[in-house]
Each structure stands twice: as C-alpha cells, then as structure tokens.
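As structure tokens, the structure follows; a few thoughts come after it.
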C-alpha cells in the first residue's frame with residue numbers, strides 16, 4: 001500500500017499506524033499533474049496499482065457571499081481535477097489487466113449541499129459526475145468505479161470545521177467507514193459500479 005500527504009511528519013505517523021509494509025510519499029495531489037504524479041509514485045513503489053482510493057483534503061469552509069471567485073479554482077484542483085488525474089494515470093492499466101477498483105471519498109454534501117461548504121459542494125459534485133461517466137465506460141473491462149459519501153465522523157476535519165460542536169448529530173466511527181470502502185474494493189463487490197453511497201448514520205433526508 002502507498003499513501004501520500006503534504007506534511008512529512010503527519011505522513012510518517014499515518015504510515016506507522018497503518019503498518020503492514022505501508023509506504024508513504026510526500027505529494028500534493030492537487031490538479032491533474034499532482035494526481036497523476038501520486039499514481040506514478042505508487043507504480044514505482046509497487047510495480048502497479050490495482051486499487052485506487054482518492055481522498056484529498058477538503059477546501060476551506062464558506063458560503064456564496066463570503067467566498068471569492070478565485071477560491072473556486074483551488075477547490076476544483078483539489079477535489080475534482082486531482083481525481084481526474086489519478087484516474088487518468090491508473091485506470092488504463094487496470095483495463096489492460098481486466099481488474100481494478102476505484103473508490104473516491106467525497107461527501108454527503110454532494111446529495112444535500114451544506115450552506116457552509118460551497119467550495120466542497122461544487123468540486124465534489126463535479127467529481128461525482130465524472131466518476132459516474134467513467135464507471136459506465138469501463139464496466140465491461142473488470143474495473144469498478146464508485147464513491148462513498150461520508151457524513152460526520154470523528155476525524156480531525158470535523159474538529160477543524162465545527163470545533164467538535166456538532167449539536168445532536170450522530171458521529172460515525174472512521175473504522176466502520178473504512179470497512180465500507182474495503183468492501184467496494186473487494187472481489188465480492190465486482191458487480192457494484194457507478195454507485196455513490198452515503199455513509200452518514202441516516203442524516204441525509206432525501207428519498208433518492
């Protein structure tokens with residue numbers, strides 16, 4: 001397994017936590033080149049990529065009135081174009097081998113946009129549309145493409161956004177969320193593709 005991050009000390013902590021031969025590379029995945037560069041790092045370290053899980057950090061919080069037009073470019077680079085770059089670099093080889101898994105971590109805000117997260121709402125919705133299109137394109141090649149849409153989980157990002165004050169909202173266990181991602185990466189999920197699954201403890205209020 002190869003993981004990446006922008007901060008060496010935090011990356012080393014994550015590598016130590018994962019264990020089992022995990023390799024860490026310092027890489028900013030923002031943009032097409034950043035995303036593709038991470039895949040190249042992984043191929044160099046392991047010889048190939050069978051499973052790709054995309055999970056760049058979220059952009060700054062903000063509403064429409066308080067967010068400058070210039071901020072959108074950075075959000076798109078981080079949460080849309082990074083996914084495009086990683087998929088462009090990883091998926092063709094998966095198609096050639098006849099097996100592969102792509103799972104993108106997005107947000108339940110794709111289904112139910114948050115008024116405080118307009119940059120994330122915008123960029124992750126775009127990524128979801130791209131992933132759905134890709135899923136249908138490579139479905140016959142043994143490659144599945146899905147996304148998982150987390151609600152509130154006990155993570156540092158939650159503290160960053162809300163300071164831990166989530167009112168009466170239920171908080172998910174990151175380990176349980178990881179188990180859902182692991183299933184979508186498994187052989188048992190070979191007929192699940194083009195799905196966008198919310199994992200939010202029932203917070204999403206819509207029917208579809």
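The values are calculated or read from the model by the stated rules, or taken from the named source; none is laboratory data. As the structure is a prediction and not an experimental result, all values here were calculated from the model. Using ideal geometry, Cβ is built from the backbone for each residue, glycine included, and neighbour counts are taken over all protein chains shown.
Observations on the model:
- Every residue from segment 13-33 that is modelled with pLDDT under 95 and not in a helix (DSSP H, G or I): 19, 20, 21
- For segment 19-38, the set of residues classified as in contact with a strand residue (DSSP E or B) (Cβ under 8 Å, 6 or more places away or on another chain) and either within 20 Å of residue 101 (Cα to Cα) or buried (at least 17 other Cβ atoms within 10 Å of the Cβ) (or both) consists of 22, 23, 24, 25, 27, 29, 35, 38, listed by residue number.
- If you go through segment 112-140 and keep only what is part of a helix (DSSP H, G or I), over 12 Å from residue 193 (Cα atoms) and more than 17 Å from the chain's Cα centre (by Cα), you end up with just 118.
- Any chance residue 10 is surrounded by fewer than 20 Cβ atoms within 10 Å (Cβ to Cβ) and at pLDDT below 95: yes
- Residues (within 20 Å of residue 47 (Cα to Cα) and within 15 Å of the chain's Cα centre (by Cα)) located in segment 6-37: 29, 34, 35, 36
- Number of positions in segment 123-133 that are touching a residue at least 40 places away in the same chain (Cβ under 8 Å) and surrounded by fewer than 21 Cβ atoms within 10 Å (Cβ to Cβ): 4
- Residue among 93, 109, 45 that is in contact with a strand residue (DSSP E or B) (Cβ under 6 Å, 6 or more places away or on another chain), surrounded by fewer than 19 Cβ atoms within 10 Å (Cβ to Cβ) and assigned to a helix (DSSP H, G or I): 45
- Filtering segment 61-90 to residues that are surrounded by 15 or more Cβ atoms within 10 Å (Cβ to Cβ), in a loop (DSSP other than H, G, I, E, B) and in contact with a strand residue (DSSP E or B) (Cβ under 9 Å, 6 or more places away or on another chain) leaves only 61.
- Hits in segment 94-112 - residues which are at pLDDT 95 or above and in contact with a helix residue (DSSP H, G or I) (Cβ under 8 Å, 6 or more places away or on another chain): 94, 95, 98, 100, 101, 102, 103, 104, 105, 106
- Of the residues 90, 71, the single one that is touching a residue at least 12 places away in the same chain (Cβ under 8 Å) and under 17 Å from residue 143 (Cβ atoms) is 90.
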